[in-house]
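The values are calculated or read from the model by the stated rules, or taken from the named source; none is laboratory data. It should be emphasised that the depicted structure is a prediction, and the values quoted were computed from it without experimental measurement. Every residue, glycine as well, gets a Cβ built from its backbone with ideal geometry; the counts of neighbours run over all protein chains shown.
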Amino acid sequence: MKTKYLDKRGWRRLLQSNYHEKIINYKGEKILTGIIDIIEVRSPLTVPVLDKDVLVCDDGYHWLQILPEGRNYSMTVMYDDDWNTLQYYFDINYKHILEPANARRKDIYLDVLALPDGRCELVDQRDLELAKLRGEIAGDLYNFAYKTARHIMDEIDRDFSQFEALVSHCLNALKGQ
């Protein structure tokens, strides 16, 4: 497992950014949400999502971070410089620490990507396989990661609008700061 911070500290691609966060409640759930305003990057980042190349990180882009206390995943919603949604990125996590200015999560390698139209795919299976082979995670965490990812994908297929509503609430709470 890897410990990852919500503010993306130490990410070499990111040369200059602003970050602010807030703990909010949404439907009775405590959520730490933050926004990274990307000012300058070392180089743009384009990723394949469902056989489509998507530019997800460049100067002027924004990343909304959502860390729900009671769920085993976190979300990053990536926006371009005009606030058009590019993708939803779900990280599978073993544990969350909702500590303001130091929020972090224990990442279990496996991820789910979704496009704004709700189509999604499972990614980074090879990273999870390698972590298991290297003994970095045990079989129970390996199974937990796949179970959590399947649950997320089922929820996306069943009702993607629930995630859009959560994202909208978080973004409005942060912009209202």
query = Quick check: anything in segment 78-87 farther than 17 Å from LYS175 by Cα and surrounded by fewer than 16 Cβ atoms within 10 Å (Cβ to Cβ)?
reply = no
Considering only strands (runs of 3 or more DSSP E) wholly within segment 1-84, the ones with at least 3 residues that are among the β-branched types (Val, Ile, Thr) and either more than 20 Å from ILE152 (Cα to Cα) or in contact with a strand residue (DSSP E or B) (Cβ under 9 Å, 6 or more places away or on another chain) (or both) are 29-41, 45-49
Pairs returned, first residue in segment 134-158 that is closer than 11 Å to LEU110 by Cα and in contact (Cβ under 8 Å) with a residue 12 or more places away in the chain, second residue that is in a helix (DSSP H, G or I) and not β-branched (Val, Ile, Thr), beta-carbon separation under 7 angstrom, 6 or more apart or interchain, are TYR142/LEU128; TYR142/LYS132; ALA145/LEU128
Per the list (1) surrounded by 15 or more Cβ atoms within 10 Å (Cβ to Cβ); (2) assigned to a helix (DSSP H, G or I); (3) hydrophobic (A, V, I, L, M, F, W, C), residue check on LEU122 breaks on (2)
Note on PHE160: of the conditions (1) hydrophobic (A, V, I, L, M, F, W, C); (2) under 14 Å from the mean Cα position of the chain (by Cα); (3) at pLDDT 95 or above, unmet is (2)
Within segment 35-67, the count of residues that are closer than 16 Å to PHE90 by Cβ and surrounded by 15 or more Cβ atoms within 10 Å (Cβ to Cβ) comes to 9
